[in-house]
Amino acid sequence: MIAATSVDESSLHYRGWRIVLACFLMAFFMFGFGLYGQGVYLAELQRAHGWPGTLVSAASTFSFLLTSVLVIFTDDLLARIGLRSLILCGLSALGASTVLLALMQTPWQLYLAYALMSVGWTGMGTVVIATLLNAWFERRRGLALSLAFNGATCGGIVLVPLLLSLSDSIGFRSAMLAATMAMVVLVLPVVVIFIGWPTQMSAASGGRLSADGQTSRTSRRTLLANAAFWTMVLPIAIALLAQMGFIIHQVTFLEPLIGRYAAGLAVTIMAAMAVVGRLSLGLFVDRLDPRLACAASMTSQAAALFVLLQSTSPTVLLVCCAIYGFSIGNMITFPPLIIQREIGSAAFAAAMGLGTSISGVVSAFGPGIVGLVRSVTGDYTTAFAMCVVLDLVAAGVVLWRPGRRAKLAAP
């Protein structure tokens, strides 16, 4: 779904940049509430209800796995209910989820809230954002994706500390309700006013797949037989597994070495560098080979982890975390760029949905695998060395280009 734009995409008057703003806000609240905020919910629900951590953690796992299933069908939903309706359903589901988290009294309500959050991911998450921006941008697609997905990182940097601060001052319930209200006030108008497919799209595509859904199902079957698809999806999934494993265990690893305050500073530096990395990549990625850039990012993460394992110097450790963070956000920017170049527009939403699902399931095991290896060996050396190897393997696989460029033709 490429917009045959006659307007200069570099111009601030181009409507696509208003779409980027809407996507930034969607990513800000979706990732802020749906990913980074889960640590806040774990602590606050344990404190408020005395529920064991395993109960809340299991609900998080349930939510991530359900999301990985639902996103497969994003292209079908776009065809059946339309773009704006899907996003508004996602916004409504996310809002209902956060309100329920504030008001819940029993464990079954926790699982309902997390199921609603999965619906929110389907309507406001990575697949919808990438599909929408793919339709609006051709020459500046990489920059648009980088700017929009920076909303995800900013959601962690801004929304989580805000929730913690408000919870201390007015209580968790009021904090969640206030943040939910802010989300609705900020996101609803831009979705209603700005969101839509480009008018230049042909009537045959129109931002939709076939009404009977046969297009998307055929595309998914074809994708599973496409070697180029697998040499994109598998390395991204492997790299995200290693990345999730390191991020979740980062503070536990660093605290004995440099202290609690410095370990917290390392997380902040890593998150800030993720923003810088996305912006820096966005300025140049449209002129780069996305597979080469992806392999370079994976290799830089492997190098940063390798040096981190060799040193106990606080300065060196903080620098390693900064280098590692520079590439964190780009792991969700590369797939849509590779898909558009090698798979094509006809199956873009199907490829994004299927790829995101596979990556989500695989990466969900990252924290558990790193924790298991650490428990068996007694320290993080072997666990993080495993992450180094996984990153290098992923970097090698993503450079493999089987056959010629495989564009999937629309039926």
- Of Leu234, Ala262, Ile248, which is farthest along the charge dipole of the chain in the positive direction, counting Lys and Arg as +1 and Asp and Glu as -1 at C-beta? Leu234
- What's the carbon and sulfur percent of the chain's accessible surface, probe 1.4 angstrom, rounded to a whole number? 69
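Is any helix in the chain, taking whole DSSP H runs, at least 27 angstrom long along its axis by alpha carbon and on average at least -0.5 on the Kyte-Doolittle scale, and which ones?
The qualifying helices are 83-103, 172-194, 227-258, 260-284, 290-310.
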- Message: How much accessible area per residue does the range 291-411 have, counting only protein heavy atoms and a probe of 1.4 Å, in square angstrom?
- Response: 41
- Computed helical MRE - 222 nm, the chain, DSSP H runs ≥ 4 contributing -39500 (n - 2.57), nearest 500: -25000 deg cm²/dmol
- For the range 92-117 and the range 235-269, compute the distance between their C-alpha centroids and round to whole Å. 29
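The values are calculated or read from the model by the stated rules, or taken from the named source; none is laboratory data. The shown structure was predicted, so the numbers you read here are calculated from the model rather than taken from an experiment. Here Cβ is always computed from backbone atoms with ideal geometry, including for glycine, and neighbour counts include all displayed protein chains. Only protein heavy atoms, including side chains, enter the accessible area calculation; ligands, DNA and RNA are left aside. Shrake-Rupley method; radii C 1.70, N 1.55, O 1.52, S 1.80 Å.
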